[in-house]
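Asks: Sharing a structure, written as structure tokens. Questions coming.
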Amino acid sequence: MKNSLPDQVPPKEFSGLLYSATAFLIWGISPIYWKALKSVPALEIILHRVVWSFLFLILLILIRNRWYEFWEILKTWKTLAIMTATSLLVSCNWLVYIWAVNNGFLLQASLGYYINPLVNVLLGFVFLKERLRPYQWIAVMLAGTGVLVLTIFYGQFPWIALTLAGSFGLYGLIRKVSPVGSLVGLTIETLLLTIPSVIWLIYLDSNGSGSFLHARIQITFLLMGASIVTALPLLLFNLGARRITLATLGFMQYIAPSCMFVMAVFIFNEPFIKTQFISFIMIWTALGIYSADSVVHYRKTN
């Protein structure tokens with residue numbers, strides 16, 4: 001049909017939107033999973049996320065016959081250095097996020113991911129020379145105002161929010177321009193983190209402070225299952241990032257913090273006042289303006 005979405009939006013762009021939306025939805029509801037692991041220290045959860053994710057991804061490499069590409073990148077020092085930087089950025093993001101979720105700071109974590117799209121727009125403007133149309137600038141300013149209201153509400157330096165926004169914004173920028181495929185790149189990132197993670201987990205087990213196989217059986221399975229919760233959305237994110245502009249990718253990220261925001265208030269009972277509600281409406285209005293402008297633009301160009 002002529003009016004179906006795939007005909008209005010180029011297939012590459014449409015698949016990028018689909019991949020990205022799915023990734024952000026998984027991230028948005030993931031606090032429920034991490035809350036189930038509240039008894040486990042955040043650092044130990046990260047160590048298991050890394051190790052089990054690598055095992056899951058290396059299996060995909062073998063199944064999809066990508067071993068040669070994987071090995072060639074390991075022999076390229078320049079690319080390996082880029083992957084080292086992205087692995088450090090994503091591990092920092094994971095650690096701060098899980099600590100925030102399990103210590104009652106989910107609202108500030110959601111603020112971080114509200115700020116993140118603005119960071120992406122700024123990075124795309126500065127480094128990739130991406131330009132915004134007039135309605136998109138209106139959306140950016142409206143969203144920025146909403147984020148500013150949220151920031152002022154906290155009345156303190158929002159280090160959790162800014163760390164999450166900055167680390168993931170830089171991660172998205174580097175992964176977008178790096179000459180590495182989504183699956184192979186993510187596998188190498190987890191490989192670089194797996195070696196120190198395994199060493200640390202062995203240390204925790206040797207002194208009896210580790211949770212794996214020592215806590216309830218549910219905890220053990222949840223730690224192993226962290227591979228899916230970790231690797232799948234990151235893989236989808238990387239696939240999406242290569243198919244859409246960084247600015248569009250940034251605004252789609254409002255899906256995740258909005259889910260977190262709703263869960264923080266209605267499921268985990270974190271404080272919620274009128275100021276936060278106003279900010280929430282402003283940000284979603286901005287997203288609506290930006291999305292509508294994008295649809296109109298793609299219809300005209302096609």
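Every number in this text was worked out from the coordinates using simple rules, so none of it is lab data. Because the structure is predicted, anything quoted here is derived from the model rather than measured. In this analysis, Cβ positions are derived from the backbone assuming ideal geometry, glycine residues included, and neighbour counts consider all displayed protein chains.
Asks: Hey, what did the chain get for relative contact order, percent, Cα under 8 Å, at least 6 apart?
Replies: On the way: 371 pairs, mean separation 123.9, N = 302.
For the chain, the relative contact order is 41 percent.
Asks: Starting from the Cα of Leu74, step 7 Å toward the Cβ, then list every residue of region 89-117 with an amide N under 14 Å from that point.
Replies: Under 14 Å, as judged by backbone N against the label point of Leu74, lies no residue of region 89-117.
Asks: Could you tell me the center-to-center distance, by alpha carbons, between region 115-170 and region 225-302 in angstrom?
Replies: 13 Å
Asks: Using only the alpha-carbon atoms of region 1-100 as identical scatterers, what base-10 log of I(q)/I(0) does the Debye formula give at q = 0.17, 0.22 Å⁻¹?
Replies: Each listed q maps to, in turn, -1.05, -1.21.
Asks: For a Förster distance of 25 Å, can you work out the FRET efficiency between the beta-carbons of Ile278 and Glu130, rounded to the nearest 0.05?
Replies: Working: r = 29 Å, r/R0 = 1.17.
Efficiency for this residue pair is about 0.30.
Asks: So if I place +1 on the C-beta of Lys and Arg and -1 on the C-beta of Asp and Glu, and nothing else carries charge, what would the dipole magnitude of the chain be about its Cα centre? I want it in debye, nearest 20.
Replies: Charge dipole of the chain: 600 debye, to the nearest 20.
Asks: Can I ask one more? Take the Cα pairs of region 143-282, get the Kirkwood Rh, then feed it into Stokes-Einstein at 25 °C and 0.890 mPa s and tell me D in µm²/s.
Replies: Working: Rh = 18.3 Å.
Estimated diffusion coefficient is 134 µm²/s.
Asks: Alpha carbon centre of region 190-223 versus region 62-95: separation in Å?
Replies: When both Cα centres are located, 22 Å separates them.
Asks: Still on this structure, I have one more. Which residue, Phe268, Phe153, Ser209, has the largest displacement toward the positive end of the dipole of the chain when charges sit on each Cβ (Lys, Arg +1; Asp, Glu -1)?
Replies: The Cα lying farthest towards the positive end belongs to Phe153.
Asks: If you put +1 on each Lys and Arg Cβ and -1 on each Asp and Glu Cβ, how big is the dipole of region 178-302 around its Cα centre, in Debye rounded to 20?
Replies: Working: 6 positive and 4 negative charges, 86 e Å.
Its charge dipole is roughly 420 debye.
Asks: Something else about it: Between Phe266 and Thr84, what is the FRET efficiency for a Förster distance of 35 Å, r being their Cβ-Cβ separation, to the nearest 0.05? Let's see the in-between values first.
Replies: Details: r = 40 Å, r/R0 = 1.14.
The calculated FRET efficiency here is 0.30.
Asks: Which entry is the computed Cα extents along the principal axes in Å for this structure: [x] 53, 45, 43; [y] 58, 52, 34; [z] 60, 49, 37?
Replies: The listed entry that was calculated here is [z].
Asks: Using 0.36 nm times the number of residues separating Ile138 and Ile29, minus their current alpha carbon distance, what extension gain do you get? Write out the running numbers ahead of the final one.
Replies: Values: separation 109, 0.36 × 109 = 39.24 nm, distance 2.91 nm.
36.3 nm is the gain from fully extending Ile138 to Ile29.
Asks: Please identify the longest segment of the chain free of exposed chymotrypsin sites (Phe, Trp or Tyr not before Pro), where exposed means a DSSP state other than H, G, I, E or B and no more than 15 other Cβ atoms within 10 Å.
Replies: Working: sites that count: Phe268, Phe272.
Within the chain, the longest run free of exposed chymotrypsin sites (Phe, Trp or Tyr not before Pro) spans 1-267.
Asks: Loop-only check: which trypsin sites (Lys or Arg not before Pro) in region 193-302 are DSSP coil with at most 14 other Cβ within 10 angstrom? Don't skip to the answer; put the middle values down first.
Replies: Working: sites: Arg216, Arg242, Arg243, Lys274, Arg299, Lys300; in loops: Arg216, Arg242, Arg243.
Hits after loop and neighbour filter: Arg216.
Asks: Another question about this same structure. Cα-based count: Lys pairs in the chain below 23 Å, eight or more positions apart or different chains?
Replies: The number of close lysine pairs in the chain is 9.
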